[in-house]
1. Among 73, 161, which comes first, second and so on when ranked by fewest other beta-carbon atoms within 10 Å?
2. Sort largest first and round to whole Å: the equivalent ellipsoid semi-axes of the range 104-149, each the square root of five times a Cα gyration tensor eigenvalue.
3. Among 183, 43, which comes first, then next, by fewest other beta-carbon atoms within 10 Å?
4. Run the simple label-point estimate for residue 108 and residue 246 please: 7 Å along Cα→C-beta, distance reported in nm.
5. Based only on Cα atoms, what Rg/Rh ratio does the range 2-220 have, Rh being taken as Kirkwood's radius?
6. Kindly work out what percent of the DSSP beta bridges joining two residues of the chain are antiparallel, to the nearest 5.
7. Roughly how tilted is helix 111-124, in degrees to the nearest 10 and between 0 and 90, from the longest Cα axis of the chain?
8. Between residue 79 and residue 181, what is the label-point separation in nm under the 7 Å Cα-to-beta-carbon projection?
């Protein structure tokens, strides 16, 4: 379980997270939606510990992590995996080396076990037999799945997905969505998915939260979010150019009726 309370994060005078409160239950897939710049990725970075909050509390499985030093935090991070937006593969390494990277660099695992874990992880994402391929030979969707296989090699309890369907075609997007759902059922992992792809959000989420002005302005099941009366949430999920978000932020670009 991840419990976040009264979280604040600013860059200079620019407030990103403003007294944010959020709970992610064990085994739940929580989807975080919101416009670009609303703090979705900053929230992930604060949970992972690559960015520290100005104030507030983050508890991961009962452990307050905001006070931990880097060595202590690394022990917590070994329970986590991150699927980055672009895959974040090493171009000079083949697929097997990319998938095995964390095992080789940070864990004492023999080569036979590493090979077995790599094969198993690639099989779980539908990419068996591509161990020798280079990242440059992969499509965007394959790169994302290799990135997910690298995470699965670690056998994490928590997986973070940063815009998992960005930059891929609709069919590949659905493949990735199905993988997220399947892994939740098979591995019982806790997942946090940051996205602005509402089709993806509705498919993979147990629960959806929307960030706006650094706070959670709505939370509910996909069905509840789809039926919302909240004007800000309604404008966002329907992709409407006009509404309180653009009116309040002066982002209509001078268009008037």
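Coordinate-derived values only; no laboratory data. All values reported here derive from a predicted model rather than from experimental measurement. So basically every Cβ, Gly included, is an ideal-geometry build from the backbone, and we count neighbours across all protein chains shown.
1. Numbers: 73 19, 161 28.
With the fewest neighbours first, 73, 161 line up as 73, 161.
2. Details: eigenvalues 82, 25, 19 Å².
Semi-axes from the Cα gyration tensor: 20, 11, 10 Å.
3. Details: 183 20, 43 29.
Going from sparsest to densest Cβ surroundings: 183, 43.
4. Between residue 108 and residue 246, the simple spin-label model gives 6.0 nm.
5. On the way: Rg = 17.2 Å, Rh = 17.9 Å.
Result: Rg/Rh = 0.96.
6. Values: 20 of 37 bridges.
If I count the DSSP bridges inside the chain, around 55 percent turn out antiparallel.
7. 40 degrees
8. Rounded to a tenth, the inter-label distance reads 2.9 nm.
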